[in-house]
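Visitor: Structure incoming, see below.
The values are calculated or read from the model by the stated rules, or taken from the named source; none is laboratory data. None of the values given here were measured: they were computed from a predicted structure. Heads up, the Cβs are rebuilt from the backbone with ideal geometry, glycines too, and the neighbour counts pull from every protein chain shown. When the accessible area is computed, the model is the full protein with side chains, heavy atoms only, and any ligands, DNA or RNA have been set aside. Shrake-Rupley method; radii C 1.70, N 1.55, O 1.52, S 1.80 Å.
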Amino acid sequence: MDTSMLITSAFVLMAIAFVIGRARSLAIASDLGGPKALNSLPVYYGTLMAMWSGIPCLVLVALWSVVDDYAIAHIITQELPEQVKALPETELNLVLSLITNIAANNAMGLDAEPYVINSANRLIALQQTSNMALTVVCLSTAMILMVLVWLKISPKMKARIKVEKAFTNILLLCASIAIFTTAGIVLSVLFESIRFFQSVPIHEFLFGLEWSPQMAIREDQVGGSGAFGAVPLFVGTMLISAIAMTIAVPAGLMAAIYLSEYARPKVRTTVKPLLEVLAGIPTVVYGFFAALTVAPFIKESGGLFGLDVSSESALAAGLVMGIMIIPFVSSLSDDVINAVPQSLRDGSLGLGATKSETIKQVVIPAALPGIVGGVLLAVSRAIGETMIVVMAAGLAANLTLNPTESVTTVTVQIVTLLVGDQEFNSPKTLSAFALGLVLFTITLALNYIALMVVKKYREQYE
Amino acid sequence: MKDNTMNEPTDNVATNIEENAFSGQTVGTPLCDDAKMSMRNVNVFYDTKQAIHDVSLDIGKNEVVAMIGPSGCGKSTFLRCLNRMNDTIESCKVTGDIKLEELDIYHPKQDVVPLRARVGMVFQKPNPFPKSIYDNVAYGPRIHGLVNRKYDLDEIVESSLRRASLWDEVKDRLHSPGTGLSGGQQQRLCIARTIAVSPEVILMDEPCSALDPIATAKIEELIAELSQKFTIAIVTHSMQQAARVSHRTAYFHMGKLVEVNDTKRVFTNPEHELTEAYITGRFG
Ligand SMILES: Nc1ncnc2c1ncn2[C@@H]1O[C@H](COP(=O)(O)OP(=O)(O)OP(=O)(O)O)[C@@H](O)[C@H]1O
Ligand SMILES: [Mg+2]
C-alpha cells in the first residue's frame, strides 16, 4: 500500500472506530438505563476511539516517511562496492542519484554498470519491504488501540474531558507551527548574518558610509573589493519612509476624521470600502504607477522650476508609497476615533464647543495614543515596502537627503543581492541576511511599540 | 389562592390606568410668571416616531424643576431640546416654541454655540475629558474666549471648583488627569466644568445615577446651592431625590406631560392618578 492509500485507510478506520465506539457506549448505557448513565455523551466515546485509532497511525506514517529515505539510502551506500564507496562525496552523490532515478523509472539503464543496476533493484526491494512493514505496523497499531479503547469504554470513563484535552493540544500544535516557523526564520537569518559579520566587521556594516557590494568572484576578476557600509541604505529607507509618512499621515488622518465625524452614514458605507480597495492593490501596480506616471511627472515639473530631478527619485517612490499607506492609516485611525466615547463629544458640545473644536481638543487628544500606534504600524509597513522602491527609486546607493535624487533602500538591496547567479558563500550574498536582520529588528521593535501603545489606549476606556 | 388575591387589586389598577389613558391636558401648574425658559406645544420626533407629544412647561428663574417618569417616557429627549443637544441626532426633529427668556432657541438663524454657553448640561455618566483637572474646567472659558489672562483663568477654575465643592479635594493636583478622580469627584468636576462658563440654566440628566449615596448627597447639596444663582432642570429616577432638591416636579408619561405641581404636592397629594400610581410604585 502506498502512503496516500495508507492515509486514506487510516481515515476510514477512524470513521469505523467512531461508529463502533459510539455504539459500544450506547450499548453499555442501555443496560444502565439510557445514555444518562454515561459520564459523557456517546459522541465523545466515538471521537475518543477514532482519535486513538487514527492519530498514532498518522504520526507513525509521518515519522516513517521522514526516516525511511535516509535509512534506505544508508543501506544502499553500505552495500556499494568498496572502490565506489571510496569516491569523493560529490561523485558518490551522483552515483546515488543515478540509482534512485533508475529505480524510480524502472528503466533498466542500458549503459549503467552492473553494480548500479543491482543497487537499483535492491532499492526497489527495500522500498517495497519498507512499505509493507509500514502498512502492517500502522494498521495493526490502529486495530490494537481500537480494541483496547473498546475494552476500556465504561460509564465512568471521562471521555469528554479527554477529547477536549486532545483538541486543545491539536490547536496548540497548529498555533506553534506559526511560532516555530518564525523562530526558524529568525535563527537562519541570524546565523547567516553572523557568518557575514565574520568577513565584514559589524561596525563597518552599521556605520560605514559606502555601499558597493560588487566583489570579484574569481581571483583574476577586476572589480571592486566590496564596501558594505549600510548607512546609505538606512538613510535612503528613512528618506523614502519620511516622504511617505508626510503624505499618508495627514491625508489618512483627515480622511478618518471626515469619515467618522462628518460623513453621513451613506457616504461612510460607500467611501470606507473604496478607501480600503487602495490597500488591496498589489504593490507592483503602485510600482508601475510610480515609475511610469509619477516619476516622469516630477521630473518634468522639477524642470519647470529649473530643478534637476533624476528620473528615478526618492520623491516619486515616497509619494506613491504614501498613497499606498493612506488606507492603512485611515482605517486604523477611524477605528480609534470611533472608540472615543460619544459622551466625551456630548460633554464638549454641551459646553458650546463647535464640532471642529470638539474634534481638535477632545476627540483627537483622546484618540492620540491609538493614532500614534496606527502610524507606527504604517511606518513599519513603509520600511518593509520593496516593489515601489525597486521600480521608482532606483538602485544607486547615494548617501543623500535630497528627495530628487535616486536612492535605494534596505529591501531593494536585499532583492538585488539575491537575484541572479550568486555564489552563496560570498559576503555579497550574506550581506542580504544582515540587512534582513536589521530590517526585521526595526520593524519588530516598531510593531511592538505600536501594539503596546494601542493596547494601553484600549484599556483607558474599558 | 393566596397569590391570586394579592394580585387582583394591582391588576385592577393597571387596567384602570390603561382605560383612563391620559387625555393630553397637563394638570397642575406647568406655567409660571417669572419664566427663565418657556416651552410651548413642543413635539419631538425620531424619524416618524413621536417621542414628545405637545408639551408646554415653564421653568422659573432660580427654580429647580425635577422631571420624573418611567423609563423611555421622553425625559432625556425633552431635556436635550432645551440646549439643542438633539441637533447631534440626525433623525431628531423638534417642533413648537422653546424660549430662553425672549430668545427663540430653535430660530433657524440661532447659533447653538452661544446658546449652549447659556444653557449648560451635565450628563448621566461623568464624562471628564482626558485632560488635566485644570484643563477640564478651563475648557469652556477657553473656547468661548471668556478670559485673556492666565490669572483670570486661574480664578475662574478655582471659583468653579469651589462652587462644585471639589476645590479642597483637588487643589493639590490640578494638573493630574481628570479621569483619575473617583466617580463622584468626576461628576462634580463635570458640574464645575459646566458652571465655569457661567450658564444661566443647567440641565442635569440623571446626574447621580452612577454615584454612591455619599457622592449623591454631596451633589444634591450642590444643587441646592447652585439654585441660588442658576436655573436648574434635573431628570431623576429617584423620587426621594426629586423631593429633596426640586421646587416643582413634572411627571412625564409616554411622551406626554401629565402633571406639574409643587414638589410637596406631587409627593403627598398628586393631582393625577397616573402620577399617583407612579410615585406609589404601582408601575414604572
Ligand atoms: N436616538 C434615538 N433614536 C430613536 N429613538 C430614540 C432615540 N433616543 C430616544 N429614542 C426614543 O425616544 C423615547 C424617549 O427616550 P428618552 O431617552 O427620552 O427616554 P427617558 O425618559 O430619558 O428614559 P430613561 O429614563 O430610560 O433615560 C424612547 O421610546 C426611545 O426609544
Ligand atoms: Mg434618559
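Visitor: Pairs only if they're at least six apart or on different chains, beta carbon under 9 angstrom, first in the range B:73-98 and within 13 Å of chain A (Cβ to nearest Cβ) and β-branched (Val, Ile, Thr), second within 15 Å of ligand 2 (Cβ to nearest atom) and outside any helix (DSSP H, G or I); list them, first residue then second.
Guide: So the pair list comes out as B:Ile89/B:Tyr46.
Visitor: What is the number of the single condition among (1) within 26 Å of A:Leu376 (Cα to Cα); (2) at pLDDT below 90 that A:Lys299 does not meet?
Guide: Every listed condition holds for A:Lys299 apart from (1).
Visitor: Moving to a separate point now. Failed condition for B:Pro70, given (1) under 28 Å from B:Ser23 (Cα atoms); (2) crowded, with 18+ Cβ neighbours inside 10 Å; (3) within 16 Å of ligand 2 (Cβ to nearest atom), with all others met?
Guide: (2)
Visitor: While we're here: Residues that are away from chain B (no Cβ under 14 Å) and open to solvent by less than 20 Å² (accessible area, probe 1.4 Å): which helices (runs of 4 or more DSSP H) entirely in the range A:330-410 hold 3 or more of them?
Guide: Passing ranges, in order: A:364-384, A:387-392.
Visitor: Considering only residues of the range B:119-150 that are open to solvent by 60 Å² or more (accessible area, probe 1.4 Å) and under 22 Å from the mean Cα position of the chain (by Cα), which is nearest to the other protein chains (Cβ to nearest Cβ)?
Guide: The extreme case among them is B:Lys125.
Visitor: Could you list, in sequence order, the residues of the range A:255-277 that are under 21 Å from A:Val372 (Cα atoms) and surrounded by 14 or more Cβ atoms within 10 Å (Cβ to Cβ)? Steps first, please.
Guide: Here is the first cut: in the range A:255-277, the ones under 21 Å from A:Val372 (Cα atoms) are A:255-261, A:272, A:275-276.
Answer for the range A:255-277, where residues must be under 21 Å from A:Val372 (Cα atoms) and surrounded by 14 or more Cβ atoms within 10 Å (Cβ to Cβ): A:Ala255, A:Ala256, A:Ile257, A:Tyr258, A:Leu259, A:Ser260, A:Glu261, A:Lys272, A:Leu275.
Visitor: What number of residues in the range B:43-57 are more than 10 Å from ligand 1 (Cβ to nearest atom) and surrounded by fewer than 22 Cβ atoms within 10 Å (Cβ to Cβ)?
Guide: 5
Visitor: Out of B:Leu79, B:Leu115, I need the residue that is assigned to a helix (DSSP H, G or I) and within 16 Å of ligand 2 (Cβ to nearest atom). Which one?
Guide: None of the others qualify; the one that does is B:Leu79.
Visitor: Would you mind stating whether A:Ala166 is touching a helix residue (DSSP H, G or I) at 6+ places or on another chain (Cβ under 7 Å) and not in a helix (DSSP H, G or I)? Step through it out loud before you land on a result.
Guide: Numbers: touching a helix residue (DSSP H, G or I) at 6+ places or on another chain (Cβ under 7 Å): yes; not in a helix (DSSP H, G or I): no.
In short, no.
Visitor: Can you find a residue in the range B:162-169 that is within 9 Å of chain A (Cβ to nearest Cβ) and in contact with a Leu (Cβ under 9 Å, 6 or more places away or on another chain)?
Guide: Our first condition is that a residue be within 9 Å of chain A (Cβ to nearest Cβ); within the range B:162-169, this holds for none.
Among the residues of the range B:162-169, not one is within 9 Å of chain A (Cβ to nearest Cβ) and in contact with a Leu (Cβ under 9 Å, 6 or more places away or on another chain), which makes the answer no.
Residues are listed down the side, and each one gets a yes or a no for (1) assigned to a helix (DSSP H, G or I); (2) out of contact with any helix residue (DSSP H, G or I) (no Cβ under 8 Å at 6 or more places or on another chain); (3) at positive phi; (4) not aliphatic (A, V, I, L, M):
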site: A:Phe11; (1), (2), (3), (4): yes, no, no, yes
site: A:Ser30; (1), (2), (3), (4): yes, yes, no, yes
site: A:Ile72; (1), (2), (3), (4): yes, no, no, no
site: A:Thr90; (1), (2), (3), (4): yes, yes, no, yes
site: A:Leu96; (1), (2), (3), (4): yes, no, no, no
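Let's see how each residue does on (1) in the same structural domain as A:Ile247 (by TED's automatic domain parsing); (2) closer than 14 Å to A:Leu253 by Cβ; (3) among the basic types (Lys, Arg):
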| residue | (1), (2), (3) |
| --- | --- |
| A:Phe328 | yes, yes, no |
| A:Val336 | yes, yes, no |
| A:Arg345 | yes, no, yes |
| A:Gly352 | yes, no, no |
| A:Lys355 | yes, no, yes |
| A:Gly370 | yes, yes, no |
| A:Gly373 | yes, yes, no |
| A:Ile388 | yes, no, no |
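Visitor: Mind checking which residues of the range B:238-267 are among the small types (Gly, Ala, Ser) and open to solvent by less than 30 Å² (accessible area, probe 1.4 Å)? Walk me through how you get there before you give the answer.
Guide: So the first thing to find is which residues in the range B:238-267 are among the small types (Gly, Ala, Ser), and the list is B:238, B:242-243, B:246, B:250, B:255.
Answer for the range B:238-267, where residues must be among the small types (Gly, Ala, Ser) and open to solvent by less than 30 Å² (accessible area, probe 1.4 Å): B:Ala242, B:Ser246, B:Ala250, B:Gly255.
Visitor: Here's a follow-up. Checking the condition open to solvent by less than 30 Å² (accessible area, probe 1.4 Å) and within 24 Å of B:Val157 (Cα to Cα), which residue from B:Pro199, B:Pro177, B:Pro270 passes?
Guide: B:Pro199
Visitor: Those residues that are open to solvent by 10 Å² or more (accessible area, probe 1.4 Å), over 20 Å from B:Gly178 (Cα atoms) and away from ligand 2 (no atom under 16 Å from the Cβ), I need them from the range B:215-237; list them, please.
Guide: Those that are open to solvent by 10 Å² or more (accessible area, probe 1.4 Å), over 20 Å from B:Gly178 (Cα atoms) and away from ligand 2 (no atom under 16 Å from the Cβ): B:Ala217, B:Glu220, B:Glu221, B:Ala224, B:Glu225, B:Ser227, B:Gln228, B:Lys229.
Visitor: Just name the residue that is nearest to B:Val245 (Cα to Cα) out of those in the range B:35-87 that are among the polar types (S, T, N, Q) and touching a helix residue (DSSP H, G or I) at 6+ places or on another chain (Cβ under 6 Å).
Guide: B:Asn83
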